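Undergrad: Quick one: this structure, given as structure tokens, is what I'll be asking you about.
Read-outs: derived from the displayed coordinates by stated rules, not from any lab. From a predicted model like this one, the values you see are computed outputs, not experimental measurements. Every residue, glycine among them, receives a Cβ derived from its backbone with ideal geometry; neighbour counts consider all protein chains shown.
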Amino acid sequence: MSQAANILIACTGSVAAIKLPVLVSKLRESGRDLNIRIVVTKHAEHFFSTEDIPANVAHIYRDEDEWTSWKGRGDPVLHIELGKWADIMVIAPLDANSLAKIAQGLCDNLLLCTVRAWDFSKPLFFCPAMNTRMWEHPITAGQIETLRSWGLREIPCVAKTLMCGDTGLGAMAEVDTIVSEVLRWLTDANLRESLKF
Ligand code: PCO
């Protein structure tokens with residue numbers, strides 16, 4: 001894909017959301033022509049400052065935008081429009097709560113509605129991030145497998161000392177790893193073909 005690509009970053013309420021500004025910067029500095037939009041959950045916004053992501057760099061969509069943009073029949077429905085706009089979506093970070101909801105088909109916010117209405121012929125990467133105790137809970141592996149079975153691509157979490165001081169698996173993949181996975185998809189036509197159903 002050599003023309004500009006539209007990338008939608010979906011950011012949920014793990015502490016790893018602190019990495020959102022650096023993820024956006026590194027994508028912009030990657031040398032690829034990327035249009036970036038961001039969709040956040042309410043709790044994601046607790047972990048970063050919107051001042052670190054200027055509006056001319058990437059527009060941030062919130063739950064309220066779903067309702068202000070729709071007034072009546074024929075008006076665009078934001079979660080559908082975002083899905084149509086995006087060539088690729090990256091959920092970074094994907095917290096335990098949103099993982100569980102996606103696996104069950106729940107969609108009670110803008111971000112989850114966008115995921116629920118995703119066109120599976122386009123790639124959706126997800127980057128789990130949660131405390132090790134949550135990661136090791138028996139319910140987690142099955143939920144990850146459910147998403148993988150639909151063709152969604154996991155960018156696996158890594159082991160490190162987490163924000164709370166615990167050490168183990170559950171940290172979001174390094175930002176550089178996420179950026180290189182996105183770029184690999186954008187540059188590798190064979191990979192793009194293999195991701196299609
Ligand atoms: C919170 N959970 C976590 C899991 C997610 N943590 C991470 C990393 C960051 C720093 O490198 C925050 C990105 O630790 O992904 O910390 C309670 S223990």
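Undergrad: Long-range amide H contacts for ILE91: which residues qualify at under 5 Å (H placed 1.01 Å from N, peptide plane, sequence gap of 5 or more or a different chain)?
TA: ALA10, PHE125, PHE126, CYS127
Undergrad: At what distance in angstrom do the alpha carbon centres of segment 100-156 and segment 11-25 lie from each other?
TA: 17
Undergrad: Okay, moving on. Can you pick out the pairs among LYS19/LYS71; LYS122/LYS160; LYS101/LYS122; LYS19/LYS42; LYS71/LYS101 whose Cα atoms lie more than 26 Å from each other?
TA: LYS19/LYS71; LYS122/LYS160; LYS71/LYS101
Undergrad: OK, next. Among the trypsin sites (Lys or Arg not before Pro) in segment 68-104, which ones are in a DSSP loop with at most 11 other Cβ atoms within 10 Å of the Cβ? Mind listing them?
TA: Those satisfying the criteria are LYS71, ARG73.
Undergrad: Please identify every one of the chymotrypsin sites (Phe, Trp or Tyr not before Pro) in segment 25-120 that sits in a loop by DSSP and has no more than 16 other beta carbons within 10 Å of its own beta carbon.
TA: TRP70, PHE120
Undergrad: Next question, about the same structure. What percent of all Cα-Cα pairs in segment 1-128 falls in each 10 Å bin, counting up from 0?
TA: 13, 46, 34, 7, 0
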